[in-house]
Amino acid sequence: MSDDHTHVQEFFAARAADWDSRFPDDDPAYAAAVAELGLREGDRVLDAGCGTGRALPPLRAAVGASGVVLGADLTPAMLQAAVRAGRDREGRLLLADVSALPVRSAALDAVFAAGLIAHLPRPAENLRELARVVRPGGVLALFHPIGRAALAARHGRQITPDDLRAESNLRPLLAGSGWRMTSYVDRDDRFLALAVRADTT
């Protein structure tokens, strides 16, 4: 395992037990972001970097009983917290690295990723892997329940020009990774960038 992976696992393992209680009011924001994906009954969707699985219930509600919901995370403690919360009933949990997903190419209709991009060691390569598992025309949602400025303030930092989530950085990053950005919102109560999988034919 790379040092990047070890760092991510250590960071989230130390916070897994009380993660949900630290952010108790985020569920409506997750549900609203999932609604933006435009999922339909029977669709197949991945929550990439699913953590404690907070997006799994709205994802399951969106795709119905005939749909497929997967939650992949690198940190066992986060997946264990998802099980304790009963969210494993909403989808199949995978201990997996988003840089090498155990999913066949073009198998999914959408990927939901909450708070993921800041933790990707090789963003362009990792976003290409997400594109690999999504059919052309499928959708990616990069989400955070608060915007960049509010998140930076929470951590006592300022936004820097090299922030990957800045629209001027994110749009070309996505374009070079098989995605076309279709919308971008960054305000205090929400960050949501939507992109469509480019047709590779």
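The values are calculated or read from the model by the stated rules, or taken from the named source; none is laboratory data. Note that this is a predicted model, so its numbers are computed, not measured. Backbone-built Cβ (ideal geometry, glycine too); neighbour counts: all protein chains shown. The protein model used for the area step is the full one, side chains on, heavy atoms only, and it has no ligands, DNA or RNA in it. Shrake-Rupley method; radii C 1.70, N 1.55, O 1.52, S 1.80 Å.
Taking all protein chains together and a probe of 1.4 Å, list 144, 119 from the most accessible to the least accessible.
Largest accessible area first, the residues go 119, 144.
What order do 46, 95 take when sorted by accessible area (1.4 Å probe), most exposed first?
95, 46
For a test of the definition: using alpha carbon positions, the gyration tensor, and the 1.5 limit on a/c, classify the range 38-131 as rounded, prolate or oblate.
Details: a/c = 1.89, a/b = 1.16, b/c = 1.63.
Note, shape of the range 38-131 comes out oblate.
Using packing as a proxy for protection, rank 109-115, 192-198 so that the peptide with the highest average count of other Cβ atoms within 10 Å comes first. Before the final figure, lay out each step's value.
Details: 109-115: 24.4, 192-198: 21.1.
Packing proxy ranking, top to bottom: 109-115, 192-198.
So, in Å, what gap is there between the alpha-carbon centers of the range 103-123 and the range 75-98?
The distance from the Cα centre of the range 103-123 to that of the range 75-98 comes to 16 Å.
What is the dipole size for the range 75-154, taken about its Cα centre, with +1 at each Lys and Arg Cβ and -1 at each Asp and Glu Cβ, in debye to the nearest 20?
The dipole of the range 75-154 has a size of about 80 debye.
Once ligands and nucleic acids are excluded and a 1.4 Å probe is used, how much of residue 105 is accessible, expressed in Å² to the nearest 10?
Estimated to the nearest 10 Å², residue 105 gives 70 Å².
About the Cα centre of the range 24-69, what is the dipole size in debye to 20, counting +1 per Lys and Arg Cβ and -1 per Asp and Glu Cβ, all else neutral? Don't skip to the answer; put the middle values down first.
On the way: 4 positive and 7 negative charges, 42 e Å.
Value, rounded to 20: 200 debye.
Is the chain best put as rounded, prolate or oblate by its Cα gyration tensor, with a ≥ b ≥ c the root eigenvalues, rounded for a/c under 1.5, and otherwise prolate when a/b is larger than b/c, oblate when not?
On the way: a/c = 1.27, a/b = 1.02, b/c = 1.24.
Since a/c stays below 1.5, the shape of the chain is classed as rounded.
Beta carbons within 10 angstrom, averaged per residue: use that to sort the peptides 67-75, 182-190, highest first. Provide the component values of the computation, followed by the final result.
Details: 67-75: 23.7, 182-190: 13.8.
Top of the packing list down: 67-75, 182-190.
Roughly how many debye, to the nearest 20, is the charge dipole of the chain about its Cα centre, given +1 on each Lys and Arg Cβ, -1 on each Asp and Glu Cβ, and no other charges?
320
Work out how much length residue 26 to residue 166 would gain on full extension: take 0.36 nm times their residue separation and subtract the Cα-Cα distance, in nm to one decimal.
48.2 nm
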